[in-house]
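Accompanying notes for the structure given below.
The values are calculated or read from the model by the stated rules, or taken from the named source; none is laboratory data. None of these values were measured; they are calculated from a predicted model. Here the Cβ is made from the backbone with ideal geometry for all residues, glycine too, and neighbour counts use every protein chain on show. Note: areas computed on protein heavy atoms with side chains; ligands, DNA, RNA excluded. Shrake-Rupley method; radii C 1.70, N 1.55, O 1.52, S 1.80 Å.
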Amino acid sequence: MKPDNPLIAAMALVAGLLFLSPVLYSIWMSFQTSNAYYTGTTDFTIGNYAVAIGQYNFARYLINSLIVSGAVTVIGTAFATMAAYAFARYRFFGSNFLFAATVATLMIPSHISLIPNYLTLANAGLLDSYAGLILPAISNGFAAFFLRQYIRGIPRALDEAAYMDGASPLKVLWRVIVPIARPAIFSMGLYIFITEWNNYIWPLVATSRQDLYTLQVGLARLYRVNPGEGLIDWPLVMAASTISMLPVIAGFVLVERHLVRGITMGAVK
C-alpha cells in the first residue's frame, strides 16, 4: 500500500477524531452556559473564560504553574543530563550502586516521599514558597536513566577528539554530547514539564496560600461552584481545563520535531 492511500488517510482521520473527541467536547462545552448545559439547549458564550480568569484568579494560577513547571523542567533536565553523562562515561567507586539506586527510585510510589518531603521543607521554612514547590520535583530517575542509555550510544571517539583539543569534561558535555543528544533531551524536557504541570498532590500539600495555587489546585476549587442545588458548573470547569491545556499544547508544538526524533531514535540504523 502507498503511504498516501486515501483509505489509510481516512482511517487515520477517524482515529484521530476519536482520540480527540473528549478534548473537542470539553472545548465545546466550555462555550456553553450552565443553564444551557443542564437543559440540553445551546447558548454560546465566552463568559466562562472571563469568570475563570477574573473572578477565580486563573490568570495567577496559570503564572504559578508556568513558573513552577518551567523551573522544574529546566533544572530537572540539566541535572538529569549531567547525571546521565557521568553514569555513561565515567567509572568510579560506587557508580554501579548509585545508578542502580537511581533506577530503583522508579519503583517507589511518589506518595511515599510525600511526608518526608513535607517535614524536610517545613523544617527548612520553605513551605508556602516557590522553592517548596520546585525543589522536590527536580530529581527525576527516569530522565537520568533514559538519557544515560542515549549517551552510551554516542561514540567515545568524539569525546576523545575533544579532549585532545584541550576541552574539559564540562565543555565535552556542552559542546559534544548535548548537541547530539538534543532529541532525547527535548523529549525528556517535555515529559518533565507535562508531569509537573499535571501534578496536584504536592502543590495541594505544600502551600496554603491562594496566591501560590497552581492550575490543578485551582481546578479542584471550581467543583465547589454550584449553579444550582447539588450541581456543578461544568462549562466553567471545562473553560478552566481548556486554559490549562494550552501551555502543554504549545510546548508540544515547539518541540514536536525533536520529540518525534527522540521517540524513533534507534529505529533506523
Mind listing just one residue for me: the one in region 169-202 that is not in a helix (DSSP H, G or I) and not hydroxyl-bearing (Ser, Thr, Tyr) and, of those, most open to solvent (accessible area, probe 1.4 Å)? Asn198
Close pairs from region 16-36: first closer than 17 Å to Ile46 by Cβ and hydrophobic (A, V, I, L, M, F, W, C), partner open to solvent by less than 50 Å² (accessible area, probe 1.4 Å) and part of a helix (DSSP H, G or I), Cβ under 6 Å, at least 6 apart: Ile27/Thr242; Met29/Pro235; Met29/Met238
Taking region 81-116 only, how many residues are outside any helix (DSSP H, G or I) and open to solvent by 80 Å² or more (accessible area, probe 1.4 Å)? 5
Residue list for region 42-79, restricted to those being touching a Phe, Trp or Tyr at 6+ places or on another chain (Cβ under 8 Å) and within 25 Å of Val172 (Cβ to Cβ): Thr73
Please give the number of the condition Leu17 fails out of (1) open to solvent by less than 50 Å² (accessible area, probe 1.4 Å); (2) farther than 24 Å from Asn199 by Cβ; (3) under 25 Å from the mean Cα position of the chain (by Cα). (1)
Of all residues in region 139-156, count the ones that are open to solvent by 30 Å² or more (accessible area, probe 1.4 Å), in a loop (DSSP other than H, G, I, E, B) and of a type in the set (A, V, I, L, M, F, W, C). 0
Can we say Pro136 is within 30 Å of Leu170 (Cα to Cα) and not aliphatic (A, V, I, L, M)? yes
Can you say whether Leu212 is under 21 Å from Val72 (Cβ atoms), over 13 Å from the mean Cα position of the chain (by Cα) and without any contact (Cβ under 8 Å) to a residue 40 or more places away in the chain, as far as the supplied structure shows? no
Being out of contact with any helix residue (DSSP H, G or I) (no Cβ under 6 Å at 6 or more places or on another chain) and closer than 29 Å to Phe44 by Cβ is the filter; apply it to region 199-224 and report the residue that is modelled with the highest pLDDT. Gln216
Filter result (assigned to a helix (DSSP H, G or I), polar (S, T, N, Q) and either more than 18 Å from the chain's Cα centre (by Cα) or surrounded by fewer than 19 Cβ atoms within 10 Å (Cβ to Cβ) (or both)) within region 22-80: Ser26, Ser30, Ser34, Asn35, Thr39, Asn48, Gln55
Among the residues listed as Ile115, Ile138, Ile134, the single one being β-branched (Val, Ile, Thr) and farther than 18 Å from Asn198 by Cα: Ile115
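For (1) of a type in the set (D, E, K, R); (2) closer than 30 Å to Ile53 by Cα; (3) out of contact with any Cys (no Cβ under 7 Å at 6 or more places or on another chain), each residue gets a yes or a no:
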{"site": "Thr120", "(1), (2), (3)": "no, no, yes"}
{"site": "Glu160", "(1), (2), (3)": "yes, no, yes"}
{"site": "Val178", "(1), (2), (3)": "no, no, yes"}
{"site": "Val205", "(1), (2), (3)": "no, yes, yes"}
{"site": "Arg209", "(1), (2), (3)": "yes, yes, yes"}
{"site": "Leu212", "(1), (2), (3)": "no, yes, yes"}
